[in-house]
2 protein chains.
Amino acid sequence: MSEEDADRDGPEDGDGDRDLEAVLAEVRDRVTPDEAERTRLREVADRLIDRAEAAATDRCDGADVLQVGSTARNTWIAGDRDIDIFVRFPPELDRETLEEYGLAVGHATLPSGHEEYAEHPYVKGEVEGFDIDVVPCFRLESATEIRSAVDRTPFHTQYLQQRLDDELAGDVRLTKQFLKGIGVYGSDLRTRGFSGYLTELLVCEYGGFRPLLEAAADWRPPVELDPEDHGTKTFDDPLVIIDPTDPERNVAAVCSAANVARFQHYARSFLESPRSALFEPETAEPLTEAELRDHLERRGTTPVAVRFDAPDLVEDQLYPQLRKSLDGITRGLDERGFDVFRATTMADGDAVVFVELAVSERPGVERHEGPPVHVRDHAGGFYGAYADDPQSYGPFIEDDRYVTEREREFTTACEFLESDRLFDVGLGAHVETTLEDGYEVLVGKEVTALIATFGAELAAYFEPRP
Amino acid sequence: MSEEDADRDGPEDGDGDRDLEAVLAEVRDRVTPDEAERTRLREVADRLIDRAEAAATDRCDGADVLQVGSTARNTWIAGDRDIDIFVRFPPELDRETLEEYGLAVGHATLPSGHEEYAEHPYVKGEVEGFDIDVVPCFRLESATEIRSAVDRTPFHTQYLQQRLDDELAGDVRLTKQFLKGIGVYGSDLRTRGFSGYLTELLVCEYGGFRPLLEAAADWRPPVELDPEDHGTKTFDDPLVIIDPTDPERNVAAVCSAANVARFQHYARSFLESPRSALFEPETAEPLTEAELRDHLERRGTTPVAVRFDAPDLVEDQLYPQLRKSLDGITRGLDERGFDVFRATTMADGDAVVFVELAVSERPGVERHEGPPVHVRDHAGGFYGAYADDPQSYGPFIEDDRYVTEREREFTTACEFLESDRLFDVGLGAHVETTLEDGYEVLVGKEVTALIATFGAELAAYFEPRP
């Protein structure tokens with residue numbers, strides 16, 4: 001274990017309370033934007049908001065503009081450069097007009113910006129080093145009336161602005177940095193972790209970073225919080241926080257059980273042994289080919305990799321597709337007796353379903369159980385089908401059933417992966433299309449070819465940590 | 001498939017009814033003792049009964065003698081040479097005196113006989129080519145009062161003698177010969193099939209051989225018969241026939257589900273295609289070494305054999321011990337990931353637990369799931385136990401749990417079979433003692449060494465039939 005590892009994992013001796021506060025002070029210092037940064041951001045934001053307001057009211061009576069996101073709530077981490085400007089239009093407007101006005105206001109605000117598409121089209125641009133989004137939405141009475149997810153954002157900002165004082169805002173920064181450090185920050189579908197809004201709600205709810213960690217250390221999922229005590233639905237998620245602005249929504253819906261457990265693990269670990277390393281995202285050293293060979297030899301498993309061109313999708317679409325394909329392929333292997341030991345998926349131009357097998361070969365025969373002999377019709381049909389089949393053994397009787405031993409379709413995992421049957425396992429639709437254009441199966445030592453592209457992913461796989 | 005096989009298995013075309021009666025006439029002819037045999041048997045039996053009666057009443061007032069078994073009920077198969085003479089003593093007698101008198105009467109009846117031990121000691125001998133047993137028992141009012149199983153026998157004989165006319169007795173002979181032919185006759189614990197008494201009751205109950213077969217073809221186990229309609233207990237057996245002389249006893253208790261299914265299979269097969277081959281016990285050709293090699297290659301499984309000196313036990317004790325050991329060993333292998341494909345046991349001086357494996361090797365690591373992370377005490381203990389273990393991977397988090405990958409105890413089935421852990425699987429007690437004195441593990445091609453002793457058993461295993 002390297003010293004850096006020990007730094008992340010190991011308990012340290014010392015005065016816990018003083019250590020903890022010292023670590024937090026150090027991290028707080030790093031993540032709090034200084035006065036210069038705040039001023040510059042304020043100036044740029046104000047200027048753009050004014051510009052957007054003029055352009056909006058020019059086109060539509062009753063339009064208004066507000067800043068949302070962490071830079072609006074004083075919860076951004078020093079160095080973050082995102083300014084989100086929302087342009088609200090009256091709900092009477094039809095969607096088409098809203099989009100037209102929205103883009104016009106965006107271009108007026110960011111003359112050098114370009115259009116992107118999320119729920120609505122919007123304009124994105126860079127101004128003095130800041131990343132600016134100008135996003136149109138409807139101005140509604142309450143978040144329960146929203147027509148698309150962006151309409152909800154102003155309600156979130158409003159709710160939190162009322163509750164986050166400077167001290168809590170500081171603790172939000174600590175918490176975000178901690179979640180980033182342990183790899184669970186972000187509600188994108190690759191990470192499936194904690195969103196910014198979720199993080200801020202948790203800090204509000206528990207009253208700070210340290211009380212949140214202390215609570216999380218003792219969580220027994222499902223953990224259910226309902227700050228406004230207005231929830232009307234039940235959820236089957238490990239972490240449930242009813243949106244204060246929408247009683248039917250779980251803010252933590254995307255957060256996976258593993259990420260909740262990870263947060264819990266590191267919360268305990270930090271409280272037991274406070275250290276600033278946990279606030280720094282790990283930069284995994286890529287695995288070398290020699291290290292990969294060592295792992296394979298030591299483990300004695302059979303690695304197989306299905307490699308193909310990654311479908312041309314944004315990450316939020318790509319990763320669910322890859323996971324679905326991974327599930328299908330591992331199920332297909334398991335069902336045919338090729339026991340999967342562990343598996344993962346990787347993407348970077350190429351996409352890979354990587355499966356480590358405990359069993360990669362099976363005998364030439366497989367057991368095939370027939371019906372109980374007493375079920376006369378079926379039993380007779382089964383017996384008749386196999387009695388004169390020179391390819392199969394039996395039928396013989398075990399307990400009350402006919403059993404035959406017949407030829408197996410696939411005796412190696414590789415045969416299966418290279419066959420058309422791979423397309424029956426329930427791949428993601430885009431992955432299926434891509435595989436139809438061709439793919440490659442690497443087996444055993446051949447997987448070392450992945451090192452060049454996926455050294456870091458293979459390190460994470462072969463040197464796994466909480 | 002050889003012509004002989006086709007003879008046993010195949011359906012034949014033709015006039016079913018006429019064929020069936022012709023086959024039965026042919027078999028009936030073969031199994032019915034002729035007049036000379038009957039006379040000779042009657043003479044020998046009468047002479048010995050007289051001798052036994054004199055010796056019994058000489059020693060004990062109220063003793064009497066009767067002939068039991070198939071030769072007493074006119075249901076023996078031509079050539080059978082068993083005469084069973086039971087000497088009944090009054091129930092007031094204590095057991096010790098009964099045994100003393102019983103042996104004395106036995107020796108008086110069979111001067112050249114020798115003692116054997118079943119429920120009581122008894123005398124066995126040969127007279128003019130007949131095998132004679134002289135067995136003492138208590139004369140009781142009803143079979144429910146019995147003190148040992150032999151006390152029941154006279155009741156069985158009495159019950160059947162009242163019901164079996166010549167025609168039914170002839171059908172009993174057919175049925176016994178059929179059950180012998182298909183390998184399910186005998187209630188010994190090696191066969192676990194149909195006893196003579198059970199066979200006779202079934203023929204009485206259904207009214208003959210053919211109606212029994214027609215009924216059996218449609219059985220849906222559990223099949224429950226209670227000829228005297230007096231049953232007081234329920235049984236968890238596939239075939240239940242309440243003893244007409246004992247409402248608490250299932251006459252078919254020992255009959256395995258597989259043997260019930262086999263009888264059903266061959267009943268259907270015979271009715272569909274009557275043929276006398278089914279009345280001839282199969283004499284399996286021993287497998288040759290070349291054939292064994294061919295099977296192993298075609299199947300691609302890994303055979304392993306644990307060979308040891310058969311414990312010195314009668315078959316009724318030996319086979320349950322071997323089966324228990326077989327169950328334990330296959331469970332032990334399965335639990336360690338060495339998937340058992342099929343297995344059997346053989347005994348002939350040597351005893352063998354023969355296991356065919358679908359998986360005989362496993363990787364160097366095994367997955368070890370810890371508790372859910374939220375179960376703080378256990379989770380902490382688990383994490384602490386493995387976090388600094390250089391021999392194991394992880395702990396990492398999957399779903400809500402810690403998981404490690406640790407070194408496997410056994411990576412080959414052979415290592416396990418040759419280790420002390422073999423003694424933890426629940427072997428039969430006598431087998432365990434024998435293995436402590438040493439045993440041999442044969443793997444792969446090495447099992448061809450079994451051919452010399454177990455050619456027939458290996459033929460039955462590798463060319464399995466209903």
Original post:
What pairs can you find where one residue is in region A:445-466 and within 13 Å of chain B (Cβ to nearest Cβ), the other is of a type in the set (Asp, Glu) and not in a helix (DSSP H, G or I), and their Cβ atoms are less than 7 Å apart, with a gap of 6+ or different chains?
Top reply: A:459/A:285
Original post:
Only one residue in B:123, B:68, B:105 is open to solvent by less than 10 Å² (accessible area, probe 1.4 Å) and modelled with pLDDT under 95, so which one is that?
Top reply: B:68
Subject >> Residue pairs meeting the criteria (Cβ under 6 Å; at least 6 apart or on separate chains; first among the acidic types (Asp, Glu), in region B:83-100; second modelled with pLDDT under 90 and crowded, with 17+ Cβ neighbours inside 10 Å) >> reply: B:99/B:120
Original post:
Within region B:236-269, how many residues are over 17 Å from residue B:204 (Cβ atoms) and more than 14 Å from chain A (Cβ to nearest Cβ)?
Top reply: 4
Original post:
Out of A:366, A:405, which single residue is closer than 28 Å to residue B:342 by Cβ and open to solvent by 40 Å² or more (accessible area, probe 1.4 Å)?
Top reply: A:366
Original post:
So is residue B:225 of a type in the set (A, V, I, L, M), open to solvent by 10 Å² or more (accessible area, probe 1.4 Å) and over 19 Å from residue B:76 (Cβ atoms) or not?
Top reply: yes
Original post:
Looking at region B:413-448, which of its residues are touching a strand residue (DSSP E or B) at 6+ places or on another chain (Cβ under 6 Å) and open to solvent by 40 Å² or more (accessible area, probe 1.4 Å)?
Top reply: B:418, B:439, B:440, B:443
Original post:
Which residues, counting only those in region A:191-231, are among the basic types (Lys, Arg) and either assigned to a loop (DSSP other than H, G, I, E, B) or touching a Cys at 6+ places or on another chain (Cβ under 6 Å) (or both)?
Top reply: A:192, A:220
**OP:** Kindly provide the set of residues from region A:23-35 that are surrounded by 14 or more Cβ atoms within 10 Å (Cβ to Cβ) and part of a helix (DSSP H, G or I), ordered by number.
**Re:** A:23, A:24, A:27, A:28, A:30, A:31
Original post:
within 29 Å of residue A:180 (Cα to Cα) and more than 30 Å from the chain's Cα centre (by Cα): does that describe residue A:75?
Top reply: no
**OP:** Under 8 Å between Cβ atoms, at least 6 apart or on separate chains: pull out the pairs that start in region B:334-363 with a residue that is in the same structural domain as residue B:455 (by TED's automatic domain parsing) and within 23 Å of residue B:317 (Cβ to Cβ) and end on any residue that is assigned to a loop (DSSP other than H, G, I, E, B) and not polar (S, T, N, Q).
**Re:** B:347/B:310; B:348/B:310; B:349/B:310; B:350/B:310; B:351/B:310; B:351/B:311
Original post:
Has region A:176-190 got at least one residue that is of a type outside the set (Ser, Thr, Tyr), in the same structural domain as residue A:88 (by TED's automatic domain parsing), assigned to a loop (DSSP other than H, G, I, E, B) and open to solvent by 30 Å² or more (accessible area, probe 1.4 Å)?
Top reply: no
**OP:** Take residue B:133 and decide whether it is in a helix (DSSP H, G or I), acidic (Asp, Glu) and within 27 Å of residue B:188 (Cβ to Cβ).
**Re:** no
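The values are calculated or read from the model by the stated rules, or taken from the named source; none is laboratory data. Note that the coordinates shown come from a computational prediction; the quantities given were computed from them, not determined experimentally. Positions of Cβ are backbone-derived with ideal geometry, glycine not excepted, and every protein chain shown enters the neighbour counts. Remember, those area values only see protein heavy atoms, side chains included, never the ligands or the DNA or RNA. Shrake-Rupley method; radii C 1.70, N 1.55, O 1.52, S 1.80 Å.
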